[in-house]
Structures are given as structure tokens and as C-alpha cells.
Amino acid sequence: MQLTVTAIFVEDIEISKEFYVDVLKQKVAMESAGAYVSFESGLALWQTKMATETIFGAQKKFDGHSFELCFETETLEDDFKKACDAGAGIISKIEPQPWGQMVFRMFDPDGHIIEIAEPLAHTVQRFLDSGYTHEQVATVTHLPLEMVSGFAAEAE
């Protein structure tokens, strides 16, 4: 399993992005319309309202730790079973996210949010295998077209 992202929840993506770019010299890797920004370093900003609704549902307000550690794994179902068997505080079963990636979430022993996800390349390939064009996959996943095309080329 590989740590892929540390996502910090922020109120205003643009203000936070400007701070991380201008003050901390982070380089933007990907953006998604005021909801999410990832940097080449592996740090990401996720708009708090969208993050908490995605993780906990629209009905629940979360007042805990304002970040999420994101891991990718090739063995999502096995890892979900291991987490359940270990008594981890499961937040959600394996389910698709608004951008199509399959994930589950749990709390670590100190209450930090941990996301375990299929690799984004698998998400892209699943859409391509079901007949989506590269452009449609980019739209659905909010990934840059170049990234979608890169994942597709790697799979060939």
C-alpha cells in the first residue's frame, strides 16, 4: 500500500491555493473547480464542505481532524476485510466517490481519517473499458485530459 496524498480541509480553495503556491512554493499538479487542488509534493487541499459531505454524507457535521491521509492499493477488497477484521473504526464501506474512484474510509486509533482507494489508473481504465472516451473520462473524474491519456497509454 502506498501513501499518495495528505489532504488538508480548507474553507476557501483559492485563498489556500494562493498561500501554498506563493508562500510555500508548492507547484499545482491538478485542480478541480474550487473543490480540490493537489500539489506535486503529494499535499492536497480539499474544500471542507465537499470533503465532509463526501466522507460523512450531507446530514452529518464532522468536527474532528481536518485532514485525511490517502493510500492507494491494488488489493482494495482484501484491505477492507483486513481493516474490518482488525476492528478499525470503519467510516464507509467500499463505494464510488463523486469522481468515480472506489474507496473506503476508516479512523486510525487516534481518530484521524484514513482513505484507502483503488489506484486512479484503475478508475480511468474502468471508465475506458465501459466505452467512455478520454474526454468523457476527464469530465467525469475531473482529471486533466493529459493525465487520463497517460494512464491509458500506460495500460496498453
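The values are calculated or read from the model by the stated rules, or taken from the named source; none is laboratory data. All values reported here derive from a predicted model rather than from experimental measurement. Neighbour counts are summed over all protein chains in view; Cβ atoms, including those assigned to glycine, are modelled from backbone coordinates with ideal geometry.
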Counting only residues that are among the charged types (D, E, K, R) and modelled with pLDDT of 90 or more, give me the helices (runs of 4 or more DSSP H) lying completely in segment 1-102 with at least 2 of them.
13-22, 76-85
Which one of these is crowded, with 17+ Cβ neighbours inside 10 Å and over 25 Å from Phe127 (Cα atoms): Ala51, Ala58, Ala35, Ala83?
Ala83
